[in-house]
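J.: Okay, here's the structure, questions in a sec.
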Amino acid sequence: MTNHSEERVGAAREIITEAGKSTRFMAPPSRGFRLLRDAVLSLSLTEEFVRPLYHWRTSRPHEYKHSLLNSTSDDNTQFTGGPALGAPPQNVQLQHDDFLLDHLGGSFDLVYVCQSQSIPNELLHAVLAAKNDGLPLKLLAISDRDVKVQGADKTLFDPQQRFQLRYAVLAGGAYLFRPDQHVCARWLEVDATRLLSSLQLAVMQ
Amino acid sequence: MNPNPHLDIAGLEQVYDRLATAIDQAGPEKSELFLVKLALLQAKAMGQAAVFETQVEAALKDL
């Protein structure tokens, strides 16, 4: 409950900031802002890229950047791209008619980028231990080969390695998603200890 | 330099705000001059006259 309140206070603050931005769009405070507003409105009829500029509130879901559920034992700050801690997931088209978001949600989801056909034993044991403790957790293995990865609840075939590209992660790295699909931990190289402490932190709140 | 740069929404918002304040800084007398200078610098940075031409066409629409 404490965490829910913190997340929503953050969301409320962001909405107030966003409202300031839309006011600036509706009632430009200076000649410069009026020119920009008019230029964007004129461009928006043919140029799609400017349209999000006047849909601030609807264009981006709130990022729970300071959520208490966010891991304190991951590699978040070392990532050079991809959704950060607290952010909603980005969808990735894995294959024709197969999207990442079709597979996430309803439980904690550990998405692990596989190099070979198997998952390190230590990591598998950690996932099993968490499941045995009653934690709703799915292990999704991403592979660029069309194989069934041993020990994974599901193998996602990603021949173009689009997940790796969009999430800025290589084989051995992983993202942990909350049941509401927001990111709560991410590792360039995941290990059992840090996975378990992150899961523990997320469910204790 | 990144051969395939992508301006995300946050970047676009930053450009929006900076352009607005720069136009104010230049003032009503000089803002047109400022914008033309900026357009020439942008064309130089882009390095392609043909792309500049399509951008001119896009900007001329719906004035």
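J.: Taking only the range B:31-45 into account, find how many residues are surrounded by 12 or more Cβ atoms within 10 Å (Cβ to Cβ), more than 12 Å from chain A (Cβ to nearest Cβ) and not hydrophobic (A, V, I, L, M, F, W, C).
T.: Of the residues in that region, 1 qualify.
J.: Could you tell me which of the residues B:28, B:5 is modelled with pLDDT of 85 or more and within 14 Å of chain A (Cβ to nearest Cβ)? Don't jump to the end; show me each part of the working.
T.: Details: B:5 fails: modelled with pLDDT of 85 or more.
Just a single option satisfies the conditions, and that option is B:28.
Yes/no matrix, rows are residues, columns are (1) within 19 Å of the chain's Cα centre (by Cα); (2) on the phi < 0 side of the Ramachandran plot; (3) modelled with pLDDT under 70:
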site: A:15; (1), (2), (3): no, yes, yes
site: A:36; (1), (2), (3): no, yes, no
site: A:40; (1), (2), (3): no, yes, no
site: A:71; (1), (2), (3): yes, yes, no
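J.: Can I ask one more? Looking at this structure, is residue B:19 away from every other protein chain (no Cβ under 12 Å), within 23 Å of residue A:28 (Cα to Cα) and part of a helix (DSSP H, G or I)? First the steps, then the outcome.
T.: Numbers: away from every other protein chain (no Cβ under 12 Å): no; within 23 Å of residue A:28 (Cα to Cα): yes; part of a helix (DSSP H, G or I): yes.
Spelling it out, it is not the case that residue B:19 is away from every other protein chain (no Cβ under 12 Å), within 23 Å of residue A:28 (Cα to Cα) and part of a helix (DSSP H, G or I).
J.: While we're here: If I go through the range A:151-205 residue by residue, how many of them are more than 17 Å from residue A:73 (Cα to Cα) and basic (Lys, Arg)?
T.: So the answer is 3.
J.: Could you please give the count of residues in the range A:127-144 that are without any contact (Cβ under 8 Å) to a residue 60 or more places away in the chain and more than 23 Å from residue A:170 (Cα to Cα)?
T.: Taking the range A:127-144 as the starting set, the residues that turn out to be without any contact (Cβ under 8 Å) to a residue 60 or more places away in the chain are A:128, A:131-134, A:136, A:138-144.
Okay, now just the ones that are also more than 23 Å from residue A:170 (Cα to Cα), so A:128, A:131-134, A:136.
Residues that pass the stated criteria total 6.
J.: Let me ask something else. Inspect the range A:53-65 for any residue being part of a loop (DSSP other than H, G, I, E, B) and closer than 30 Å to residue B:62 by Cα and give the result as yes or no. Please lay out each step first, then the result.
T.: Narrowing the range A:53-65 to residues part of a loop (DSSP other than H, G, I, E, B): A:55, A:60-65.
If we keep only those that are closer than 30 Å to residue B:62 by Cα as well, we get A:55, A:60.
Yes, the range A:53-65 contains a residue that is part of a loop (DSSP other than H, G, I, E, B) and closer than 30 Å to residue B:62 by Cα.
J.: Is at least one residue of the range A:110-126 at pLDDT 90 or above and touching a Lys or Arg at 6+ places or on another chain (Cβ under 8 Å)? Even if it seems obvious, please write down each step before you answer.
T.: Quick first cut of the range A:110-126, residues at pLDDT 90 or above only: A:110-114, A:119-126.
Those left that are additionally touching a Lys or Arg at 6+ places or on another chain (Cβ under 8 Å): A:110.
Looking for residues that are at pLDDT 90 or above and touching a Lys or Arg at 6+ places or on another chain (Cβ under 8 Å), one finds at least one in the range A:110-126, hence yes.
The values are calculated or read from the model by the stated rules, or taken from the named source; none is laboratory data. Just so it is clear, the structure is predicted and the values come from calculations on it, not from any experiment. No Cβ is skipped: glycine too gets one built from the backbone with ideal geometry, and neighbour counts run over all protein chains shown.
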